[in-house]
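Okay, so here's the structure we're looking at.
The values are calculated or read from the model by the stated rules, or taken from the named source; none is laboratory data. These numbers come from a predicted model, not from an experiment. FYI the Cβ positions are ideal-geometry reconstructions off the backbone, even for glycines, and counts take in every protein chain you see.
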Amino acid sequence: MPSGFKTSDIRKLEKLFGVAVKPMGPNFRFEIAMNDPARKLALEIYPHTRIGATRGDLISVYTVNAHLQLHFCSGYVISDVLGEVTFVGERDGRLSGLIIEKQGGCSLFANVDRSLVSGDFTRLGPEVMLSGIALSLTDTILETPKRPPAGKKAARHRAGVRS
């Protein structure tokens, strides 16, 4: 997804969360609250904003006891079935994903090796498996690596197994 969220992207998020967006100048704010005060958060999207010397999409989440940010968001996947949106950023084969739930929960997975999202999850320890499973939805929006390894290493690479 090129930098900059469009109006159609914001409308899709409104539909998922069931709340109206609050435009705040150049950025957008969603306030998601459930009956449980611990399940309350604010999601802010800053499309094409200055981040250091360059521009990109910035996602901020404010919860009762945390503030999380994803710099240079490169795409998102909405899951109506799970009731969540996963914002993802990728750099040098590493993924960071920020998952926002319709019920007001959120999760952050940072610096995850890309091979984990399309590999064999049963070969991973449970402490690593969750990040691969959680970010696996993003596999459909990520660019394919330009040149996979050749021969025997290629099969191992596609399976998500490290040599």
Do we have Gly119 as modelled with pLDDT of 65 or more, farther than 30 Å from Phe17 by Cβ, out of contact with any His (no Cβ under 7 Å at 6 or more places or on another chain) and not in a helix (DSSP H, G or I) here?
yes
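Rundown of residues vs (1) in contact with a His (Cβ under 8 Å, 6 or more places away or on another chain); (2) among the aliphatic types (A, V, I, L, M); (3) surrounded by 13 or more Cβ atoms within 10 Å (Cβ to Cβ); (4) without any contact (Cβ under 8 Å) to a residue 40 or more places away in the chain, yes/no style:
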{"position": "Asn27", "(1), (2), (3), (4)": "no, no, yes, yes"}
{"position": "Glu31", "(1), (2), (3), (4)": "no, no, yes, yes"}
{"position": "Pro37", "(1), (2), (3), (4)": "no, no, no, yes"}
{"position": "Asp57", "(1), (2), (3), (4)": "yes, no, yes, no"}
{"position": "Val61", "(1), (2), (3), (4)": "yes, yes, yes, no"}
{"position": "Gln69", "(1), (2), (3), (4)": "no, no, yes, yes"}
{"position": "Phe72", "(1), (2), (3), (4)": "no, no, yes, yes"}
Taking only region 79-106 into account, find how many residues are farther than 22 Å from Val64 by Cβ, of a type in the set (A, V, I, L, M) and crowded, with 18+ Cβ neighbours inside 10 Å.
2
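Yes/no per residue for (1) modelled with pLDDT of 95 or more; (2) in contact with a Lys or Arg (Cβ under 6 Å, 6 or more places away or on another chain); (3) small (Gly, Ala, Ser):
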{"residue": "Phe28", "(1), (2), (3)": "yes, no, no"}
{"residue": "Glu44", "(1), (2), (3)": "yes, yes, no"}
{"residue": "Asp57", "(1), (2), (3)": "yes, no, no"}
{"residue": "Thr63", "(1), (2), (3)": "no, no, no"}
Could you grab me the full set of residues in region 62-77 that are under 20 Å from Ala110 (Cα atoms) and either in contact with a Phe, Trp or Tyr (Cβ under 9 Å, 6 or more places away or on another chain) or not in a strand (DSSP E or B) (or both)?
Asn65, Ala66, Leu68, Leu70, His71, Phe72, Cys73, Ser74, Gly75, Tyr76, Val77
